[in-house]
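Q: Mind looking over this structure? Questions follow.
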Amino acid sequence: MPEVKPIARIHSPFMTKFGIPRQSGVAEAVGAEIVFEPEYRNPDAVRGLDEYSHIWLIWQFSEAVRDTWSPTVRPPRLGGNVHVGVFATRSPFRPNSLGLSSVELERVELTPDRGPVLHIKGADLMDGTPIFDIKPYITYADSHPDATGGFTSKTQFHTLTVELSDSLCGGMDENTKTALVQVLSNDPRPQYHDDPERVYGFGFAGFEVKFKVCADTLTVTAVSYTHL
């Protein structure tokens, strides 16, 4: 088999696996950058890409690589107790640990030091994730409005009301705050967690965010600045 090497890496606000949206596009305000590896920083390689509004990313679940694999997984959205075939899910625990995401391409920037940089929105990748390929999203071929969604159709509209006071957001710009609220509204907890007193925490865009969830309301209890 030919060697498959990363062509780029993403720089996103997701500092840990916890808190990352379960699908691309559900937190559409989340911005990120794709920076190519040195040998692929040729502007000709992205010529014409800016004519597309969306792109596909093929990447590696680099924090979930295992030596073995299981034919079934337990999707968190089904409570963590129902076994589903691994190829009927987008679980990170798969034979080749590959992920696929459709993201919005805001612009292509040609920089003198990093080469072409892709500015995107709606990514569901942890900071530093290796990307193996980039392809344009083609509407007539990639969009299937009548497609069925399996078990995900039952859970896709589950969202939380987010309470985040302005007093906790010192040093956080409005774009970051908007993106954070979108991430939290999609309930980053494992689906089978339901303890209203439990405090959860994760890193986002250089901030440590802590929160509780009671019924359908998520309340942010603390936000502290860390670093990127």
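Q: Give the number of residues within region 169-205 that are surrounded by fewer than 16 Cβ atoms within 10 Å (Cβ to Cβ) and under 17 Å from ALA123 (Cβ atoms).
A: 2
Q: Moving on to the next point. Restricting the search to region 1-60, which residues are surrounded by fewer than 16 Cβ atoms within 10 Å (Cβ to Cβ) and of a type in the set (Val, Ile, Thr)?
A: VAL4, THR16, ILE58
Q: Having 2 or more residues that are open to solvent by 80 Å² or more (accessible area, probe 1.4 Å) is the bar; report the strands (runs of 3 or more DSSP E) wholly within region 66-140 that clear it.
A: Hits in region 66-140: 98-111.
Q: If I ask for residues that are part of a loop (DSSP other than H, G, I, E, B) and open to solvent by less than 30 Å² (accessible area, probe 1.4 Å), which ones from region 206-228 would you list?
A: Taking region 206-228 and keeping what is part of a loop (DSSP other than H, G, I, E, B), we get 206, 215-216, 226-228.
Within region 206-228, just GLY206 meets the criteria.
Q: Filter region 128-147 down to the residues that are of a type in the set (Ser, Thr, Tyr) and touching a residue at least 12 places away in the same chain (Cβ under 8 Å), then identify the one that is farthest from GLU106 (Cα to Cα).
A: That would be THR129.
Q: Next question. Going through VAL220, VAL183, VAL213 one at a time, which residue ends up being within 19 Å of the chain's Cα centre (by Cα) and aliphatic (A, V, I, L, M)?
A: Going through VAL220, VAL183, VAL213 in turn, the sole match is VAL183.
The values are calculated or read from the model by the stated rules, or taken from the named source; none is laboratory data. Keep in mind it's a predicted model, so treat the numbers as computed, not measured. As a convention, Cβ positions derive from the backbone with ideal geometry for all residues, glycine included, and neighbour counts pool all protein chains shown. Heavy atoms of the whole protein, side chains included, go into the accessibility calculation; ligands, DNA and RNA do not. Shrake-Rupley method; radii C 1.70, N 1.55, O 1.52, S 1.80 Å.
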